[in-house]
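To keep things clear, I will list the structure first and then write my remarks on it.
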Amino acid sequence: MHQVWWKAAAILLLTYTITAGLLGPVPQLPLLQETIRNLYFHVCMWFGMMILFTVSVVQAIRYLRNMDRRHDLASRHFAGVGMLYGILGYATGAIWAAYTWADPNVPFVESFSTIARDPKLIGAAVSLLVYFAYLVLRDSIPDVDKRARISAVYNIFAYAILFPAIWILPRVLESLHPGQDGNPALDVKNDISASMRMVFYPAVVGWTLLGVWIATLRIRLEILKEKNLTS
Amino acid sequence: MDRHPSDQIGDIKRKKSYLMKWTLALLGLLMHLSAFAEVNMADKMRSEGRIYVVIAVMLTILGGIIMYLVRLDKKISQAEKQNNQK
């Protein structure tokens, strides 16, 4: 198998994440209780998405400098897996909210509208839609080189919008999203407890490596397909 | 540095909501304290043995996904080798 070492590392880290994530000690918070362990999954998805999108934009810039189509392929597939992680992050967040912050006394439809107004959710939805448009853009241009050039430029703008939409505006606005206003152990920059950090950092690496694995498989497959077409 | 007046209002609002959140959290904690001895963590029920079922299920799912990826990886490596030999 191709490049075993980091794939084995991914498997080990994910196994560690699941085991230590469910068994390890966590801070006891009144509303969240055990669900705080979702940090190792939900938040890791978003971290993984950011890292994969970063790789994607770096590859896009490299394509624009070298015009090497392999960078274009890499850019597209890393963005694709990043989007998958984003959708999973959204889904896991919805499940988490349904069991914790959603008001159980209010019927689901009403509490949904309260939660959906959260700035971070809207920002994340906007960013994912921008990346969906990136895929649509790619499919709409038949000429291969034009497609690569135009979508690489679009990728840079799509990456740029991630920051105001997901990180800056939700912090500036009166956000209900946990973790932005000093909710301990969720504010991963400062307040996450040491016992959670021990599982969280390896988890980020493990999930990201898994995403990289999936993306590289897709890139290799597409290179193979192209070679078979032209040979 | 001169703080713009609206910043101070924002500060007061932020401080207020921070205070409110802490008060609510404390109240919640106290209410739980009155009902149970501690925060209602899953310690008793889950740690008895059911948590291991959860872990086993998750590891099985992870194992299945990993096995699929390994299979795919080997197939692609094979095809690449064949392609290079052509």
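Details
- Number of residues in the range A:191-224 that are among the charged types (D, E, K, R) and at pLDDT below 90: the value is 2.
- The one condition from (1) among the aliphatic types (A, V, I, L, M); (2) in contact with an Asp or Glu (Cβ under 9 Å, 6 or more places away or on another chain); (3) in a helix (DSSP H, G or I); (4) within 14 Å of chain B (Cβ to nearest Cβ) that A:Ala60 does not meet is (4).
- Enumeration of residues in the range B:63-85 that are surrounded by fewer than 12 Cβ atoms within 10 Å (Cβ to Cβ) and either at the interface with chain A (Cβ under 7 Å from one of its Cβ atoms) or within 32 Å of the chain's Cα centre (by Cα) (or both): B:Gly64, B:Met67, B:Tyr68, B:Arg71
- Residues of the range A:23-39 satisfying the condition of being within 11 Å of chain B (Cβ to nearest Cβ) and either assigned to a helix (DSSP H, G or I) or free of Cβ contacts under 8 Å to residues at least 60 places away in the same chain (or both): A:Leu23, A:Gln28, A:Pro30, A:Gln33, A:Glu34, A:Thr35, A:Ile36, A:Arg37
- When the range A:80-131 is filtered for residues that are among the aromatic types (Phe, Trp, Tyr), at pLDDT 75 or above and within 25 Å of A:Leu29 (Cα to Cα), the ones remaining, listed by number, are A:Tyr90, A:Trp96, A:Tyr99.
- Checked against the criterion of being outside any helix (DSSP H, G or I) and crowded, with 20+ Cβ neighbours inside 10 Å, the range A:10-22 contains not a single residue that satisfies it.
The values are calculated or read from the model by the stated rules, or taken from the named source; none is laboratory data. Here the structure is a predicted model, which is why all the values come from computation and not from measurement. Cβ coordinates were reconstructed from backbone atoms using ideal geometry, including for glycine residues, and neighbour counts include every protein chain displayed.
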